[in-house]
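Heads up: the structure comes next, in structure tokens.
The values are calculated or read from the model by the stated rules, or taken from the named source; none is laboratory data. This structure is a prediction, so every number in the text was calculated from the model and none was measured. Note that we place each Cβ from the backbone using ideal geometry, even for glycine, and neighbour counts take in every protein chain shown. Heads up: the accessible areas ignore ligands, DNA and RNA and are worked out on the full protein's heavy atoms, side chains in. Shrake-Rupley method; radii C 1.70, N 1.55, O 1.52, S 1.80 Å.
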Amino acid sequence: MTDIELTAVTKTYGATTVLNELSLSIKNGEFLTLLGASGCGKSTLLKLLAGLEPPDSGEIRKGNINLLAQTPAERDCAMVFQSYALYPHMTVGDNICTPLYMNTMSFMQRLPGVRWLSPSARKHIRTAHEQGRKIAKTLGIEHLWSRKPAALSGGQRQRVALARAMVRRPSLFLFDEPLSNLDANLRQSLRAEIRQLHDELSVTFVYVTHDQHEAMSMSDRIAVMKNGRILQLGTPAEIYDQPQHRDVAAFVGAPRINFLPITRDSQGRASFQGQNLGQMLPATVAEVGFRPHTASLKPQANALKINAHVVLVEYTGAERIVTLTTPENINLTIVLDSEPNLRTGDDLTLFIPMSHCHAFDSEGLRLMPLCVPLSCAA
Ligand SMILES: Nc1ncnc2c1ncn2[C@@H]1O[C@H](COP(=O)(O)OP(=O)(O)OP(=O)(O)O)[C@@H](O)[C@H]1O
């Protein structure tokens, strides 16, 4: 099977450019997540893949097949929406199976009267129901077969929508925020189920979400989007550990990454709270980011030192989340797994190993740290 290649795809609605010269290679069989804030163009990209909308320019190809020349039905993909999109007058069984047998019947056989009179049409329906029941069993909804959608919970409805997509055995699944309407516990269990389905089916999943937990826990690769462009494409670990843009760093991780604005000393060297960082950070650094879990209260070499004031200590059981403010009025959040005596109002010094600091320039682009060890001049 072949990868799907999007090349310089642009989509506009009126004066709004929703996708901007976007290029992306979707590997055959991978679980790829499009992650980004509301309005960044994720759903539009999904619609272009499904053939529900055409791009203004650019190419979408699968090997030597030009997908843009194919109708949605020819593209062999199934879409699962946030809103389930079930037929309210049909039972669960009919919701799952109707698209399947309608696909395999001739126009005449699809006519309601003929459908039940024609032996071959009845055979199609019987086969579809057998396949549908198997899938329903896999998803744990077989006992709901004769119910109508109104008599189902949100999680059950989404399972029916999943079953309806799976029964056709498409080579590409497109998910548009399928878990957004569900409560946190159900989201977590369906997240795992969708990932398991992917592993069992071994077909390509493209999954849209603005929830970084979903993206990080389910995906082989994540494309982080902003303003119709991909800021970074990588594995969850690459996205988390080596964010190529400050907005990528800010989008993943909870609590959120901290950012420190870097100033210049009288000689033009990078500095923060009077420390000379010129030996450690590239000359063009504008900001340093560090994740809340990387801060320590233990003095150490080659570390960025931050003087701060404790505003709030929150106990979460295993760890404590500490909110601080610096003399420059920068708010910081750190996570400590042990510090029995820390209280609101304390003044302290944080140490962030330079190996855990992310440097960004004024455009937000990642800079490689200098390899010269720092002698932090206080
Ligand atoms: N049919 C349309 N006509 C006009 N504008 C549209 C249309 N569809 C989408 N847009 C606009 O395109 C932009 C991107 O929309 P899109 O739905 O792709 O974003 P998204 O990242 O999926 O956001 P969300 O997470 O809120 O669904 C938005 O500003 C939206 O208002």
### Task
Identify the single condition in (1) assigned to a helix (DSSP H, G or I); (2) modelled with pLDDT under 95 that residue 68 does not satisfy, given that it satisfies every other one.
(2)
### Task
Being in contact (Cβ under 8 Å) with a residue 60 or more places away in the chain and crowded, with 21+ Cβ neighbours inside 10 Å is the filter; apply it to the stretch 232-251 and report the residue that is farthest from residue 38 (Cα to Cα).
243
### Query
Does the stretch 75-84 contain at least one residue that is in contact with a Phe, Trp or Tyr (Cβ under 6 Å, 6 or more places away or on another chain) and surrounded by 13 or more Cβ atoms within 10 Å (Cβ to Cβ)?
yes
### Message
Take the conditions at pLDDT 95 or above and farther than 16 Å from residue 30 by Cβ and apply them to residue 186. Does it pass?
### Response
no
### Query
Of all residues in the stretch 16-46, which are out of contact with any Phe, Trp or Tyr (no Cβ under 6 Å at 6 or more places or on another chain), within 14 Å of the ligand (Cβ to nearest atom), in a strand (DSSP E or B) and in contact (Cβ under 8 Å) with a residue 40 or more places away in the chain?
17, 18, 19, 20, 22, 34, 35, 36
### Query
Residues in the stretch 308-356 that are farther than 18 Å from residue 261 by Cβ and polar (S, T, N, Q): how many?
7
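So which of 306, 321 is in contact with a Phe, Trp or Tyr (Cβ under 8 Å, 6 or more places away or on another chain) and of a type in the set (A, V, I, L, M)?
Going through 306, 321 in turn, just one is in contact with a Phe, Trp or Tyr (Cβ under 8 Å, 6 or more places away or on another chain) and of a type in the set (A, V, I, L, M): 306.
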### Query
From the list 263, 235, which residue is of a type in the set (Ser, Thr, Tyr), away from the ligand (no atom under 16 Å from the Cβ) and within 30 Å of residue 329 (Cβ to Cβ)?
263
### Message
Just the residues that are under 22 Å from residue 277 (Cα atoms), under 29 Å from the mean Cα position of the chain (by Cα) and not aliphatic (A, V, I, L, M), please, taken from the stretch 305-332.
### Response
331
#### Entry: Residue tally, condition within 16 Å of the ligand (Cβ to nearest atom), open to solvent by 10 Å² or more (accessible area, probe 1.4 Å) and touching a residue at least 60 places away in the same chain (Cβ under 8 Å), over the stretch 156-201
4
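Residue-wise test of (1) over 30 Å from residue 25 (Cβ atoms); (2) open to solvent by 20 Å² or more (accessible area, probe 1.4 Å); (3) modelled with pLDDT of 85 or more.
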{"site": "94", "(1), (2), (3)": "yes, yes, yes"}
{"site": "120", "(1), (2), (3)": "yes, yes, no"}
{"site": "123", "(1), (2), (3)": "yes, yes, no"}
{"site": "130", "(1), (2), (3)": "yes, yes, yes"}
{"site": "134", "(1), (2), (3)": "yes, yes, yes"}
{"site": "143", "(1), (2), (3)": "yes, yes, yes"}
{"site": "152", "(1), (2), (3)": "yes, no, yes"}
### Task
For the stretch 49-56, state whether one or more residues are within 16 Å of the ligand (Cβ to nearest atom), part of a strand (DSSP E or B) and crowded, with 17+ Cβ neighbours inside 10 Å.
no
### The lone exception for residue 78 - which of (1) away from the ligand (no atom under 13 Å from the Cβ); (2) not in a strand (DSSP E or B) it fails
(2)
### Query
Does residue 111 fit the bill of being more than 19 Å from residue 166 (Cα to Cα) and modelled with pLDDT under 95?
yes
### Query
Given the conditions (1) in contact with a helix residue (DSSP H, G or I) (Cβ under 6 Å, 6 or more places away or on another chain); (2) crowded, with 18+ Cβ neighbours inside 10 Å, and given that residue 255 satisfies all but one, which numbered condition is not satisfied?
(2)
### Query
Just for the stretch 288-316: of the residues that are among the hydroxyl-bearing types (Ser, Thr, Tyr) and loosely packed, with under 12 Cβ neighbours inside 10 Å, which one is modelled with the lowest pLDDT?
316
